[in-house]
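Trainee: Below: one structure in structure tokens.
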Amino acid sequence: MSFSIFLQHLVNGISLGSLYALLAIGYTMVYGILRLINFAHGDVFMLGTYIAFYAMTSFFLPWWMSFLIAIALTCIFGIILERSAYRPLRNSPRISVMISAIGASFLIQNLAIVIFGGRPKAFPIAPIFSRILNIGGVSIVSVSLIIPVITAIALYILNYIVNHTKVGMAMRAVSRDYEASRLMGIDVNSIISFTFGTGSVLAAIGGIMWGLKYPQLIPLMGLMPGLKCFIAAVVGGIGNIRGAVIGGFILGLGEIMIVAFSPALSGYRDAFAFVLLIIILLVKPSGLMGQNTVEKV
Amino acid sequence: MNKKNTLTLISIIAFIVLLFILNINLGIYQMRIFNLCGIYVILALSLNLINGFVGLFSLGHAGFMAVGAYTCALLTMSREMKEMNFFLEPIVPWLKNVQVPFPLALIVAGIMAAIAGALIGAPVLRLRDDYLAIATLGFSEIIRVIFTNTQSITNGALGIKGLPSIGITGKTWEVVIWTWGIALLTIIVMVLLINSSYGRAFKAIREDEIAAEAMGINLFKHKMMAFIIGSFFAGIGGALLGHLIGTIDPRMFFIVLTFNIVLIVVLGGIGSITGSVISAVVVTIAMEVLRVLDGDIIIGGYMIKGIPGMRMVVFSVLLMMVILFYQRGLMGTKEFSWDWILNRKKKTVKS
Amino acid sequence: MTVLRTDKITMKFGGITAVSQFDMKIDKNEIIGLIGPNGAGKTTCFNMITGVYIPTEGKIYFEDKNITGIKTHEITKLGIARTFQNIRLFKELSVLDNVLIANHMRLGSNLFSSVIKTPDYRKKEKKITDKSISLLKDVGLDNIMYEKSSSLPYGKQRRLEIARALATDPKLLILDEPAAGMNPQESLELMDFIREIRDRFDITILMIEHHMQVVMGVCERIYVLDHGIMIADGTPTEIQNNPKVIEAYLGVE
């Protein structure tokens, strides 16, 4: 393999890793606060892509406006999802909430099939994203470079919110100790809404960029990326935002490199995430960045 | 023999008679749905054993079903059928010439699924709650990916077509005996198991692992037992499903299949055999009845245009309502008992 | 005869030492108390003895057999049973089922014969049912044995937890704060109850208790832990007059 081809794969891996990272953060934040695998998160991601698609094709809005609208609506949808499917079960066993998440995912997918139709749709791509750049003999589609840049900006803003604002401090407090935070006067409900909102914004950004890179939309498109990104979050150490980003990149780069270095294994690409998950769970269940917890007897 | 056992025996015989009557009177389409009900009873019960009685939230069912379905298909198909299917890459020689009778293939299918269960259970059953869920889901997905890629064994993504009909004679009247016969057998095994000392130990693990271990219950051993039994029946169910439909391919065993079964169990009540049985039958029939929604409906001369996929939306809305407002499902952890009927009779006699 | 002996057991969690170099020796049919302020490491000691934690250092001997590092369920089988600080009953199951479950490990029937209900299994099942019912009679819970265990009042739940532990046929019974949440009247009854089960079942009892009246009233010897270190041991009178103990409990100016 020549060096320039390797660089191409590397860029692809980094942009796929970026997308995974954006989605993984949503899982890790929700899990950190509610101890819930939000199975519907992948469907929120799908919804973001479809909203952008319809804004561009049915309402003929410019791409940037469509993207902003999609992000805003997805954010609202994420908050509604939590209010309607998870909040009523706040005091139920964790298994009930997980089942509700599976049910919500099921409902969103079926609604999407009815509303959007089951046939694949082609995501329109503005020329700015499809330019072929030639950098030192390596030709790269511009979107592959834009994705990591946008991701970096999103992560920077997220990091600022979590670590340097009041609401971020409250989020960290709630994820450390739910009950104590409530007793300290933190409005836990609005923090949870904020968390779902933030996660959904990131999912929408990820979904739109996913559409730009892999422009085929189907109602079940969120399922596999969703599961993989939850795995990325577990690999990084669930509840840890930095871990989710690292997990996302390991997964993205890993998948691309497997195909690049041994094409014979390309059929097993989708299994990579799951194999990685099993290895991590057996070797270090708390994930790369996580801490061990012991149940009190 | 006491009164309750007699009643049970009479009901079983009555049910078998009913099967024969239905077999004669129902059309092919209705019979097919009825058979599907039986298969879903098997699948729901096997999942309920693991998830409802031992409290292990496993999401690996589709994987075990796939193992069972492929094993049974490859063992029962004739050499000619296999050669027709495997046109992209020829089937491995040791599988090509094997052909065994259906009952034997079915048992082997169950055993293979049980072995898969044991191999997967050994590492993952030490994990807790949602980690277990995601790990079992992962293994089920790995099985699917492997089956998609082992072209010369499973025919890869093309799948296998032309599976022989369920049974020894290949006649349609035999199918229901197998589906509901095995469903009945599964119900009996589950009832006997749950009401044994081992069943109590399973429930103890569900209620409180730490206390169960302190009572001398070997957690790992008991979890493995339930997991292996559950996978065995999942394999049998998967095999029957494959042969009923007549075609199998890896996409059929996607995670969504596991979710469907989980939802059936939830509707019936996690931890109730009665609930699972009723729910499996009701949901399977309801899915067919709701098909009306997908087609055009004519009400008083007006035609409402059908929307494909509408029945799944209605179904998932109903499901979410149960999950949110009626968490314990139809039965909770309660079971049907002859006492209900006997006591009611006594009460009426008194009054 | 020595039932339980701990040899300099130490438990460290990360950098924190919960219990340090703890020595204890319990003879047959004794009733021993383990006391100390909150966070002194008492429950950690119990968890080491019952195999929930493996001691970082030191050894534990049960009837002269080294049981350090053995799994919890195996230790139970050897004859150590316990109750929990925050009651851990099988909530959804009946009172009788709770006790029957404790008999499972000594049932001696395999899965297959249990499912097909062989005559041998039926005989064993009947035996453990009779045994459980008579045990429930002994602790005064036989009239409510088909009730759901979580529906019982607090005091009876504690009693049931003890009965369940007894059903494992222990030689040593470990009670973690049996009097917690009980009113004075119930505490008095508990003291009689503890003595009674010791005599009736011919067992040895080790208990953690904060309720001083109960500890001083029922225990024959007491160990005092403070910050993971044993600061005193002796008879109730000795302990009551030990300046170190008074200091640990009241603090010094």
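The values are calculated or read from the model by the stated rules, or taken from the named source; none is laboratory data. None of these values were measured; they are calculated from a predicted model. With ideal geometry, Cβ positions are generated from the backbone for all residues, glycine too; neighbour counts draw on all protein chains shown. Protein only, heavy atoms only, side chains kept; ligands, DNA and RNA dropped before computing areas. Shrake-Rupley method; radii C 1.70, N 1.55, O 1.52, S 1.80 Å.
Trainee: What whole-number value in Å² describes the accessible area per residue of chain B for a 1.4 Å probe?
Mentor: Counting only protein heavy atoms, the per-residue value for chain B is 42 Å².
Trainee: Taking the range B:286-318, which trypsin sites (Lys or Arg not before Pro) meet the DSSP loop condition and have no more than 11 other C-beta atoms within 10 Å?
Mentor: Numbers: sites: B:Arg291, B:Lys305, B:Arg311; in loops: B:Lys305.
Qualifying residues, ordered by number: B:Lys305.
Trainee: Still on this model: Can you give the net charge of the other residues whose Cβ lies under 12 Å from the Cβ of A:Leu281, counting K and R as +1 and D and E as -1? It would help to have the intermediate numbers written out before the result.
Mentor: Numbers: positive: A:Lys284, B:Arg126, B:Arg128; negative: B:Asp130.
Neighbour charge sum, excluding A:Leu281 itself: +2.
Trainee: Now for a separate question. Taking every pair of Cα atoms in the range A:3-283, average 1/r, invert it to obtain the Kirkwood radius, and report Rg/Rh to two decimals. Walk me through the intermediate numbers first.
Mentor: On the way: Rg = 18.6 Å, Rh = 19.2 Å.
Value, to two decimals: 0.97.
Trainee: Provide the buried accessible surface between chains C and B in square angstrom, both chains summed, 1.4 Å probe, rounded to the nearest 100.
Mentor: Numbers: alone 12450 and 17910 Å², together 27830 Å².
Interface between C and B: roughly 2500 Å².
Trainee: Could you bin all the Cα-Cα distances of the protein assembly as shown into 20 Å bins starting at 0 and give me the percent of pairs in each, rounded to whole numbers?
Mentor: In whole percents, the pair-distance histogram is 13, 39, 34, 13, 1.
Trainee: Follow-up. List the equivalent ellipsoid semi-axes of the range B:166-227 in whole Å, largest first, each obtained as the square root of 5λ for an eigenvalue λ of the Cα gyration tensor. Spell out each step's value before the answer.
Mentor: Values: eigenvalues 270, 22, 10 Å².
After scaling each eigenvalue by five and taking roots: 37, 10, 7 Å.
Trainee: Sticking with this structure for a sec: First compute the accessible area of chain B with a 1.4 Å probe, then give the percent of it belonging to carbon and sulfur atoms.
Mentor: Values: 10440 of 14810 Å².
Using a 1.4 Å probe with all protein chains present, chain B comes out at 70 percent carbon and sulfur.
Trainee: Gap in Å between the Cα centre of the range A:79-106 and the Cα centre of the range C:142-169?
Mentor: 34
Trainee: Additional query: Counting only chymotrypsin sites (Phe, Trp or Tyr not before Pro) that are in a DSSP loop and have at most 16 other C-beta atoms within 10 Å, tell me the longest site-free stretch of chain B.
Mentor: Counting only loop sites that pass the neighbour cut-off, the longest clear stretch is B:88-325.
Trainee: Give the aspartates and glutamates reachable from A:Lys166 as a straight Cα distance under 18 Å; neighbours fewer than 8 places away on the same chain don't count.
Mentor: A:Lys166 reaches A:Asp177, A:Asp187.
Trainee: What's the center-to-center distance, using Cα atoms, between the range B:258-272 and the range A:200-233 in Å?
Mentor: What the calculation gives is 28 Å, centre to centre.
Trainee: B plus A alone minus the pair: what accessible area, both sides summed, probe 1.4 Å, in Å² to 100?
Mentor: Numbers: alone 17910 and 14710 Å², together 28910 Å².
Separately minus together, B and A give about 3700 Å² buried.
Trainee: Hey, another quick one. Based on alpha-carbon atoms only, what is the radius of gyration of the range A:11-95 relative to the globular estimate 2.2 N^0.38 Å? Can you show the working numbers first?
Mentor: Values: Rg = 15.2 Å, N = 85, 2.2 N^0.38 = 11.9 Å.
It is 1.28.
Trainee: Using alpha-carbon positions, what is the distance between the centroids of the range A:110-161 and the range B:275-347, in Å?
Mentor: With the range A:110-161 and the range B:275-347 each reduced to a Cα centre, they are spaced 42 Å.
Trainee: Are any of the pairs A:Lys284/C:Lys91; B:Lys223/C:Lys127; B:Lys161/B:Lys305; C:Lys148/C:Lys171; A:Lys121/A:Lys228 more than 30 Å apart by Cα-Cα distance, and if so, which?
Mentor: Working: A:Lys284/C:Lys91 33 Å; B:Lys223/C:Lys127 26 Å; B:Lys161/B:Lys305 34 Å; C:Lys148/C:Lys171 28 Å; A:Lys121/A:Lys228 23 Å.
Table pairs above 30 Å Cα-Cα are A:Lys284/C:Lys91; B:Lys161/B:Lys305.
Trainee: Ratio to report: Rg/Rh of the range B:204-351, with Cα atoms as the point set and Rh obtained by the Kirkwood method; give two decimals. List each step's numbers first, then the result.
Mentor: On the way: Rg = 20.7 Å, Rh = 19.1 Å.
Reported Rg/Rh (Cα atoms, Kirkwood Rh): 1.09.
Trainee: Spin-label point model (7 Å from Cα, Cβ direction): what's the C:Gln85 to B:Leu7 distance in nm?
Mentor: 4.8
Trainee: As an exercise, identify the chymotrypsin sites (Phe, Trp or Tyr not before Pro) in the range C:97-195 lying in DSSP coil whose Cβ has no more than 10 other Cβ atoms within 10 Å. Don't jump to the answer; show the numbers that get you there.
Mentor: On the way: sites: C:Phe112, C:Tyr121, C:Tyr146, C:Tyr154, C:Phe193; in loops: C:Tyr146.
Here the sparse-neighbourhood loop sites are C:Tyr146.
Trainee: Over the Cα atoms of the range C:88-168, each weighted equally, I'd like the Debye log10 I(q)/I(0) at q = 0.11, 0.19, 0.21, 0.27 Å⁻¹, rounded to two decimals.
Mentor: -0.29, -0.76, -0.89, -1.24
Trainee: Tell me the mean residue ellipticity at 222 nm calculated for the protein assembly as shown from its helices only (DSSP H runs of n ≥ 4, each -39500 (n - 2.57), averaged over every residue, nearest 500).
Mentor: On the way: 39 runs with 561 residues, N = 901.
Result for the protein assembly as shown: -20000 deg cm²/dmol, rounded to the nearest 500.
Trainee: Oh, and also: Counting only protein heavy atoms and a 1.4 Å probe, tell me what percentage of chain C's accessible area is made up of carbon and sulfur.
Mentor: Values: 5780 of 11040 Å².
Percent of accessible area from carbon and sulfur atoms in chain C: 52.
Trainee: Taking every DSSP beta bridge that has both residues in the protein assembly as shown, what percent is antiparallel when rounded to the nearest 5? List each step's numbers first, then the result.
Mentor: Numbers: 32 of 48 bridges.
The answer is about 65 percent antiparallel.
Trainee: Given the pairs C:Lys25/C:Lys77; C:Lys25/C:Lys71; B:Lys3/C:Lys124; C:Lys71/C:Lys117, which span a C-alpha to C-alpha distance of over 27 angstrom in this model?
Mentor: C:Lys71/C:Lys117
Trainee: Moving to a separate point now. Take the alpha carbon gyration tensor of chain B, find the square roots of its eigenvalues, order them as a ≥ b ≥ c, and report rounded if a/c is under 1.5; if not, report prolate when a/b exceeds b/c, else oblate. Intermediate values should be presented prior to the final figure.
Mentor: Details: a/c = 1.44, a/b = 1.15, b/c = 1.24.
Note, shape of chain B comes out rounded.
Trainee: List the trypsin sites (Lys or Arg not before Pro) in the range A:1-93 that DSSP assigns to loop (not H, G, I, E or B) and whose Cβ has at most 14 other Cβ atoms within 10 Å. Which are they? Please report the intermediate quantities before stating the final value.
Mentor: Working: sites: A:Arg35, A:Arg83, A:Arg90; in loops: A:Arg35, A:Arg90.
Hits after loop and neighbour filter: A:Arg90.
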